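First comes the structure, then the notes that go with it.
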2 protein chains.
Amino acid sequence: MYPNDGFRELGRRECLGLLARVPVGRIVHTRQALPAVLPVNFRLDPDGAVVLRTSAASELVRAIDGVVVAFEADDVDVVAQAGWSVVVTGRAAVVTDPAECRRLTRTGPVCWVPSPCEVFVRIEPALVTGRELVAGRSMYGVDLGASG
Amino acid sequence: MYPNDGFRELGRRECLGLLARVPVGRIVHTRQALPAVLPVNFRLDPDGAVVLRTSAASELVRAIDGVVVAFEADDVDVVAQAGWSVVVTGRAAVVTDPAECRRLTRTGPVCWVPSPCEVFVRIEPALVTGRELVAGRSMYGVDLGASG
């Protein structure tokens with residue numbers, strides 16, 4: 001977190017409550033030694049873990065399985081000068097427990113287009129941090145404003 | 001980029017055109033050896049560079065000045081099953097040329113709340129990549145769907 005930047009830090013419970021409101025977030029990881037970020041949809045598990053669903057053969061799985069990643073979601077209204085951002089940081093791992101897979105098939109992300117060989121990936125909520133943008137204050141030290 | 005994931009790759013011109021439509025994106029970098037991601041507002045320079053404005057004393061500046069970062073912006077409509085994501089990857093650097101600072105003061109991000117000791121940070125568009133979500137297809141290998 002970046003202290004003294006005029007932002008209100010959110011508690012873990014607040015962060016998870018906000019995260020549960022949005023359908024899409026972004027996986028931040030490293031690919032070929034460069035920072036990489038991919039929007040994905042997700043479900044929040046009761047324990048705060050972020051659950052993704054993807055093809056077992058996807059490069060995304062190879063890139064993040066067993067790796068510490070950050071998962072970010074936010075909602076910023078530039079007109080209202082208000083918003084929030086939550087980041088879950090933890091190890092991503094393909095779910096291999098059959099009972100867990102059955103549970104996530106019922107409760108996990110629902111596919112628009114079902115495809116074979118899907119797997120679930122869980123991101124453990126080792127660190128859950130978030131900030132609320134207070135109207136008129138700078139966001140993460142960067143002044144929000146009209147852009148174009 | 002992740003090939004064969006059912007996504008349409010966007011050309012550099014398309015990417016920059018989409019990026020110019022949105023006021024807020026996310027800086028992806030590393031902080032204390034962990035992936036970090038921060039929403040910020042920005043302006044797109046004519047050459048495709050991403051321009052941020054922040055306090056010269058901010059930890060964000062110390063974290064990214066002289067470092068290769070990724071800057072991501074997206075717009076995903078889960079109901080319409082459509083959207084896009086663009087990533088600019090390149091070196092971030094505090095702008096120190098007086099003429100450039102004067103130019104960016106006129107054309108760069110406008111602050112909601114002006115504050116002293118602001119600096120501009122430019123992210124060079126060394127790599128500009130993007131994807132368009134085609135309705136009904138998986139996004140980055142992760143099936144978008146209803147979440148909660």
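Where along chain B is the Cβ that lies nearest the axis linking it to chain A, and how many Å separate them?
Value returned for chain B: B:Val28, 3.
Residue by residue through the stretch A:13-27, which ³J(HN,Hα) values in whole Hz follow from phi under the Karplus form 6.51 cos²θ - 1.76 cosθ + 1.60 (θ = phi - 60°), with glycine and proline marked x?
Karplus values, whole Hz, x for Gly and Pro: 5, 4, 4, 5, x, 6, 4, 5, 7, 10, x, 10, x, 9, 8.
Quick one: label points 7 angstrom along Cα→Cβ at A:Ala93, distances to the other copies in nm, smallest first?
4.3
Quick one: with label points 7 Å out along Cα→Cβ, list the inter-copy distances for A:Val110 in nm, shortest first?
When each copy's label point is compared with this one, the spacings are 4.2 nm.
Rounded to whole Hz and in sequence order, give me ³J(HN,Hα) for the stretch A:117-127 from the Karplus expression 6.51 cos²θ - 1.76 cosθ + 1.60, θ = phi - 60°, writing x for Gly and Pro.
6, 7, 10, 9, 10, 9, 9, 5, x, 5, 10
Would you pull out the residues with amide H under 5 Å of B:Leu10's amide H, same chain only if 5 or more places away, H placed 1.01 Å from N?
Those qualifying (amide H under 5 Å, at least 5 residues apart or on another chain) are B:Gly130, B:Arg131, B:Glu132.
Would you mind checking which residues have amide H under 5 Å from A:Gly83's amide H? H placed 1.01 Å from N; only 5 or more apart, or other chain.
A:Asp77, A:Leu133
Could you compute the FRET efficiency for A:Arg12 and B:Thr96, with r as their C-beta to C-beta distance and R0 at 45 Å, rounded to 0.05?
0.70
Two decimals is fine: what is log10 I(q)/I(0) at q = 0.09, 0.12, 0.13, 0.22 Å⁻¹ for the stretch B:8-133, from a Debye sum with one equal scatterer on every Cα and no solvent?
-0.25, -0.44, -0.52, -1.33
What does the copy distance list look like for B:Ala80, label position 7 Å along Cα→Cβ, in nm and ordered from shortest?
So the distances to the same position in the other copies read 2.1 nm.
Using amide H atoms built 1.01 Å from N in the peptide plane, name the residues 5+ places from A:Val68, or on other chains, whose amide H lies under 5 Å from its own.
For A:Val68, whose amide H was placed from the backbone, the distant partners under 5 Å are A:Ala92.
Throughout, read-outs are computed from the coordinates displayed, never taken from laboratory work. None of these values were measured; they are calculated from a predicted model. Reconstructed Cβ throughout: ideal geometry from the backbone, glycine too, with neighbour counts over all protein chains shown.
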